[in-house]
Amino acid sequence: MNKITHVIKRSGAKVPYNRDRIANAIYRAAVATGGRDKELAEKLAIQAEKQLEETIPTNYSPNIEEIQDIVEKVLIKNGHSRVAKAYILYREKSNRKRREKSRKDSMPSENIPWAKIWHIIDWAVSHQVHTVESLNKRIRNEEFPYIVNESEAAYEDDILTAADLIDERSDKLKMVFICGPSSSGKTTTTIKLEQRLRKRGLKFVPLNVDNYFFDLEMHPKDEFGDYDFETPQALDLPLINEHLNQLCEGKEVLIPLYDFKTGTRKLNITPMKIKNNEILLIDSLHGLYPAMSNGIPDEYKFKLYLEPLLQMKGPDGKFIRWTDLRMIRRMLRDAKFRAYKPEQTLLHWHYVRSSEIRNIIPYINTTDYIINTGMPYEIALYKALLFEDFKKWNQQFKNNPLQEDAYTRTSRIYRFLEAVEPVTDDSAVPRDSVLREFIGGSCMEY
């Protein structure tokens, strides 16, 4: 029997074979259908490996498509049709995205808030922060504090608008979702929004959805030992939905408690009931995900979406990507508050991004209002804080087929940061700024 030593990626790169990748893919498909049996996923991966080794020629390195074909057959043969369907659908969806990307379709996406973006572009041009070059010019003219004040004022205006919209619907609202991808500024914005609405007489009760995480051992894990916390399936969505519906009906529920030190959850711990004059406040990565609030009338819900919608072109004439800003933010926050090295955040980011594309971005058009948390001045601070790291990673991950995602991101960020005028003094940044959530020095309690 032939032994598999390497596989051929879609890019053509030849990389070492790892059976854990097959087991993890099967387990992810199982999780999508409600199953969480890791041991079974590993057994099925062994079967797929054995069948593949029986069919390939001597010294042959199979490609990804050939491996996936075998996995589908093994799943169906063992009676796991639902898992096979989830696996096939995810595979086809991935293939379709690759085809669409290669086509470079110029048609606008319905998931991009174009009206909001045009407003931000207009603001950026009028404040001369629409390009890295124009930002640098203002910084060299010692205008950094003015850029900070202008940016923070625009963010505060967005929060006030959101408060007005929520206040107008407060007679029927039962819950407010603060949604958005990782490091979009949900925590700070939630605090600021609540402060403004309490001054208007509204009362809020926070619900921490982190307590609905499944036990750590039930999460998918990759060959590098990294857990995927970014998917909505990491949460007990049926239980969240059941509790939200009961709370809307005025019933009392018992909220679970998740212990992050042990990675385990205890059920039926904290009693919660919403009074007639109270509104549930939910800060959640996946607040737009339909399964979370399914069955709850729209008039009971207000969904607020956050994203750093920076509209600034780099030296190559391309807009700086929002996901890159958020990754830098998370690097800083993880390093400062979670003892997590920036490189670990970088290598985990492909989970973050893939989950956003599948589970957050498709539902942007269901939100009631969008807050822009992007600050044009933040990249000047990032140049001083992380540029040397990106310079190092740009060389470290080059020509490494196992870290293509990390290299693509670092090289892109390195190129635009290289052109940015650095600012080492952050004293102009307000203590209650959303950026303090990431760089530290906040006066808020998180």
Radius 11 Å from Cβ of Tyr212, net charge of other residues (Lys, Arg +1; Asp, Glu -1)
-2
Nearest 5 is fine: what % of DSSP beta bridges in the chain come out antiparallel, could you say?
40
The stretch 152-163 - phi-based ³J(HN,Hα) in whole Hz, Karplus 6.51/-1.76/1.60, Gly and Pro as x
5, 5, 5, 5, 5, 4, 4, 5, 5, 5, 4, 4
Quick note on Ile112, Ile279, Ile413, ordering by fewest other C-beta atoms within 10 Å, gives Ile112, Ile279, Ile413
Return the aspartates and glutamates within reach of Lys116: Cα separation strictly under 19 angstrom, same-chain partners fewer than 8 residues apart disregarded; answer none if there are no such residues.
Glu150, Glu152, Glu156, Asp157, Asp158, Asp164, Glu307, Asp368
Put +1 on the Cβ of each Lys and Arg and -1 on the Cβ of each Asp and Glu in the chain; which of Val71, Thr161, Ile361 then has its Cα farthest toward the positive end of the dipole?
Val71
Ignoring everything except DSSP H segments at least 4 long, calculate the 222 nm mean residue ellipticity for the chain; use -39,500 (n - 2.57) per segment, divide by total residues, nearest 500.
-15500 deg cm²/dmol
A correct Karplus calculation of ³J(HN,Hα) over the stretch 352-362, with 6.51 cos²θ - 1.76 cosθ + 1.60, θ = phi - 60°, whole Hz and x for Gly and Pro, returns 4, 5, 5, 5, 4, 5, 7, 10, 10, 4, x
So what J values fall out for the stretch 281-297 if you push phi through Karplus, 6.51 cos²θ - 1.76 cosθ + 1.60 with θ = phi - 60°, rounded to Hz, Gly and Pro as x?
10, 10, 8, 9, 4, 10, x, 8, 5, x, 5, 6, 10, 4, x, 8, x
Hey, can you grab everything whose amide H is under 5 Å from the amide H of His6? Only 5+ residues off in sequence or another chain; H modelled, so Pro and N-termini drop out.
Tyr17
With charges set only on the Cβ (+1 for Lys and Arg, -1 for Asp and Glu), what does the dipole of the chain come to about its Cα centre, in debye to the nearest 20?
920
Tell me, Glu66, Glu54, Glu445 in order of fewest to most beta-carbon neighbours within 10 Å?
Glu445, Glu54, Glu66
Distant-in-sequence amide H partners of Thr131 (H built 1.01 Å from N, under 5 Å):
Lys313
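Is the stretch 347-390 rounded, prolate or oblate when judged by the Cα gyration tensor, a ≥ b ≥ c being the square roots of its eigenvalues, rounded requiring a/c under 1.5 and prolate requiring a/b larger than b/c?
Oblate, because a/c is 1.5 or more while a/b does not exceed b/c.
Given axes a ≥ b ≥ c from the Cα gyration tensor, I'd like to know whether the stretch 366-412 is rounded (a/c under 1.5), prolate (a/b larger than b/c) or oblate.
Oblate.
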Sparse-neighbourhood loop sites, trypsin sites (Lys or Arg not before Pro) in the stretch 307-357 - DSSP loop, at most 16 other Cβ within 10 angstrom:
Lys318, Arg321, Arg338
Where does each of Leu216, Leu247 land when they are ranked from fewest to most other beta-carbon atoms within 10 angstrom?
Leu216, Leu247
Once Lys and Arg are counted +1 and Asp and Glu -1 for all other residues with Cβ under 11 Å from that of Tyr289, the total becomes +2
What are the principal axis extents of the Cα atoms in the stretch 132-439, in Å, biggest first?
57, 47, 31
Using a simple spin-label model with points 7 Å from Cα along the Cα→Cβ vector, what separation in nm is obtained for Glu217 and Lys251?
3.1
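Computed from the coordinates by the stated procedures, all read-outs in this text should not be read as laboratory data. These numbers come from a predicted model, not from an experiment. Ideal geometry is used to build each Cβ from the backbone, glycine not excepted, and the neighbour counts take in all protein chains shown.
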